[in-house]
Amino acid sequence: MTDRIPGFSTLAIHAGAQPDPTTGARATPIYQTTSFVFDDVDHAASLFGLQAFGNIYTRIGNPTNAVLEERIAALEGGTAGLAVASGHAAQVIVMHTLMTPGDEFVASKKLYGGSINQFNHAFKNFGWNVVWADPDDISSFERAVTPKTKAVFVESIANPGGIITDLEAVSAIARRAGVPLIVDNTLATPYLCKPIDYGADIVVHSLTKFLGGHGNSIGGMIVDAGTFNWSREGRYPMLSEPRPEYSGLVLHETFGNFAFAIACRVLGLRDIGPALSPFNAFLILTGVETLPLRMQRHSDNAKQVTEWLVKHKNVAWVSYPGLAGDKYNALAKKYCPKGAGAVFTFGLKGGYDAGVKLVSNVKLFSHLANIGDTRSLIIHPASTTHRQLSDAQKVQAGAGPDVVRLSIGLEDPADIIADLEQALAT
Ligand SMILES: *Cc1c(COP(=O)(O)O)cnc(C)c1O
């Protein structure tokens, strides 16, 4: 490539990759090895002391995973990435780097259900306390900030209800509080929205969804925007204090604008251990090559399906930010101008029983708990993922008895609509 700045589609195919130096292999090889041979004792010592970059052991880093890390960081406009075993692992590693027991973080209460569980329960065991805020009332983020706050966490397009978060407004609050803004960009992907352009300091992903895109691999990613000053006020000791594990090295001082990604790798991933398999990294890389094509089609298909659903006599409401007149349509136009993604909810006039019937009657749609596959997916949260909640709790979580969630795939839109039509008719 010349000194032109490559476009998004070019980066999706080429960023981080080059022909294999020993074999000439053009596709990125799967380096299915646990460990890597040192040149000599001095080389080993410099790798272990972080004086040189290189491969030691696949729990800490792997050349296939490194291509994926560089590619996603390039697509997001960040300085560095870290691949991990799942989206949830990415969230654990990020918080482990930022928090000490007794600390707090402010999170949007409109999040992927698994993240709500993780923050409410698993994180409590580490002494990391979530304080919930409401993305429909941005000032609630400001009110939730205390001297113990170490981060703010939101989703760009929030799962499952098609909520678009006002990233610039939340980032201004995080900036005033002196803490980083973490954005889970799973549902948008960097093709539809680049949170770093709107003030995100850290981006996390479940690669499992649209980035991998084919429903075949679990993975996660952390992207360091390189924007945050970790040394101000010494509130982030992992980054600003001498590390005993590395003979007193101060990570922010040594690694500057990619210190956060390094800390996540050498203090988080190394010690907690959720490493991504290089085989999964290979499958996800293959998916990322077609991300721009897929994401545009996913969004265009979802727009057609929602425009049809809104007019259906058995449908009470459709919550999709891409629809004209939707509550989040103006925010969608600002943050996701190419399309509002493929995941949304709608309500059935027939309530719970109609939801159960619909998921039983679809033929092209798969009834399962995932999103971001080439295939169209459907779930009725009240009878599955949110079954254990009371009716009031279900409604509060956006999973009332009438709610159905769809993740629109890449099939012909006419076939997707025909399947819903026959299933809604019965
Ligand atoms: C699926 C998902 C996660 C969790 O990712 P896993 O890869 O399943 O661990 C986190 N956030 C969002 C928005 C998701 O959709």
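Brief remarks on what is shown
- The one condition from (1) surrounded by fewer than 18 Cβ atoms within 10 Å (Cβ to Cβ); (2) under 15 Å from His96 (Cα atoms); (3) away from the ligand (no atom under 16 Å from the Cβ) that Val250 does not meet is (2).
- Test: residue in region 195-208 that is in a loop (DSSP other than H, G, I, E, B), within 15 Å of the ligand (Cβ to nearest atom) and either over 21 Å from Ala330 (Cα atoms) or not assigned by TED's automatic domain parsing to the domain that holds Ser86 (or both): yes
- Among residues that are β-branched (Val, Ile, Thr) and either modelled with pLDDT under 95 or open to solvent by 10 Å² or more (accessible area, probe 1.4 Å) (or both), Val131 is included.
- Count - residues of region 335-353 that are surrounded by fewer than 17 Cβ atoms within 10 Å (Cβ to Cβ) and either not small (Gly, Ala, Ser) or not assigned by TED's automatic domain parsing to the domain that holds Ile378 (or both): 4
- Residue in region 386-403 that is within 16 Å of the ligand (Cβ to nearest atom), modelled with pLDDT of 90 or more and either of a type in the set (Phe, Trp, Tyr) or in contact with a helix residue (DSSP H, G or I) (Cβ under 9 Å, 6 or more places away or on another chain) (or both) present: no
- Within region 392-416, restricting attention to residues that are more than 16 Å from Leu348 (Cα to Cα) and in a helix (DSSP H, G or I), the residue that is most open to solvent (accessible area, probe 1.4 Å) is Gln396.
- Subset of region 70-86 that is within 16 Å of the ligand (Cβ to nearest atom) and buried (at least 24 other Cβ atoms within 10 Å of the Cβ) - its residue that is farthest from Ser35 (Cα to Cα): Glu76
- Single match in Gly199, Gly161 (criterion: small (Gly, Ala, Ser), modelled with pLDDT under 95 and farther than 11 Å from Val106 by Cα): Gly161
- If you go through region 16-59 and keep only what is among the hydrophobic types (A, V, I, L, M, F, W, C) and closer than 19 Å to Leu285 by Cα, you end up with Ala17, Ala25, Ala27, Ile30.
- Screening region 170-194 for residues that are in a loop (DSSP other than H, G, I, E, B) and open to solvent by less than 20 Å² (accessible area, probe 1.4 Å) and picking the one that is nearest to the ligand (Cβ to nearest atom) gives Thr186.
- Whichever residue in region 147-169 is more than 13 Å from Tyr320 (Cα to Cα) and in a strand (DSSP E or B) and, among such residues, is nearest to the ligand (Cβ to nearest atom): Glu155
- When region 87-104 is filtered for residues that are closer than 19 Å to Ala225 by Cβ, polar (S, T, N, Q) and more than 16 Å from the ligand (Cβ to nearest atom), only Thr97 remains.
- The helices (runs of 4 or more DSSP H) located wholly in region 31-104 that include 2 or more residues which are within 20 Å of Leu181 (Cα to Cα) occupy 63-76, 87-98.
- For Asp419, the stated conditions hold: it is at pLDDT 95 or above and not in a loop (DSSP other than H, G, I, E, B).
The values are calculated or read from the model by the stated rules, or taken from the named source; none is laboratory data. Everything numeric in this text was worked out from a predicted model, so none of it was measured. Glycine gets a Cβ as well: all are built from the backbone with ideal geometry, and neighbour counts include every protein chain shown. Calculation scope for accessible area: heavy atoms of the full protein, side chains included, ligands and nucleic acids excluded. Shrake-Rupley method; radii C 1.70, N 1.55, O 1.52, S 1.80 Å.
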